[in-house]
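Have a look at the structure below, then the notes.
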Amino acid sequence: MSRLQLVLCGLLLIACGSEGWFSSRRECSGTLFNSFTHFCCSDTLHEKTGFNDCCLGELYDKRTAFCWIGLRLTSYILKCSGKPYHYRKEKCCGGQIMPTFDPTVDCCDGQIIDTSKFVCQKGNIKPL
């Protein structure tokens with residue numbers, strides 16, 4: 001091991017192996033890799049992009065999902081009658097996608113209503 005490697009190991013408080021690798025050295029299906037730059041998911045080596053991760057052996061994109069107790073869940077993208085929508089900007093109303101923050105529309109018992117003409121009272125649409 002070189003003097004530089006010993007210094008790096010001491011400064012970073014990382015144990016180094018005899019070949020000078022940091023403790024980030026891992027194995028994936030018999031292939032050695034550096035866990036700072038790559039990760040193993042379901043016995044397949046992947047380069048870290050900052051957006052990809054592994055959840056119980058399934059590769060997923062962290063921009064659109066997250067892993068919670070071993071379940072891969074969609075974080076922002078949901079489906080409304082099979083069509084994707086961003087739940088922070090839109091909502092599903094009776095199978096139709098509508099804007100969340102538009103004061104001129106609302107969802108009443110699965111129907112999109114024009115709030116300038118109608119009001120929703122206990123799931124019933126009433127004219128103004």
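FYI, it's all coordinate maths here, none of it is from the lab. Remember, it's a predicted structure, so these values are computed and weren't measured experimentally. With ideal geometry, Cβ positions are generated from the backbone for all residues, glycine too; neighbour counts draw on all protein chains shown.
With each label point set 7 Å from Cα along the Cα-Cβ vector, what nm distance links N52 and K83?
Taking the two extended label points, one gets 3.2 nm.
Sequence-distant or interchain residues sharing an amide H contact under 5 Å with E90, placed H: which?
T100
Modelled label-to-label distance, C67 and L45, 7 Å Cα→beta-carbon offset: nm?
1.9
For the range 80-127, just run the numbers: alpha carbon Rg, then divide by 2.2 N^0.38 Å, N being how many residues it has.
Details: Rg = 10.9 Å, N = 48, 2.2 N^0.38 = 9.6 Å.
The reported ratio for this selection is 1.14.
Would you list, by chain and number, the lysines whose Cα falls below 22 Å from the Cα of K89, excluding same-chain residues fewer than 8 positions away?
Leaving aside lysines fewer than 8 places away in the same chain, those within reach of K89 are K62, K79.
Round to the nearest 0.05 the FRET efficiency obtained for S35 and T100 when R0 = 41 Å and r is the Cβ-Cβ distance.
Values: r = 40 Å, r/R0 = 0.96.
It comes to 0.55.
Which aspartates and glutamates have a Cα lying under 18 Å from the Cα of K48, excluding residues fewer than 8 positions away in the same chain?
E27, E58, D61
Can you spot the lysines whose alpha carbon is less than 17 Å from K122's alpha carbon? Ignore those fewer than 8 places along the same chain.
Leaving aside lysines fewer than 8 places away in the same chain, none come within reach of K122.
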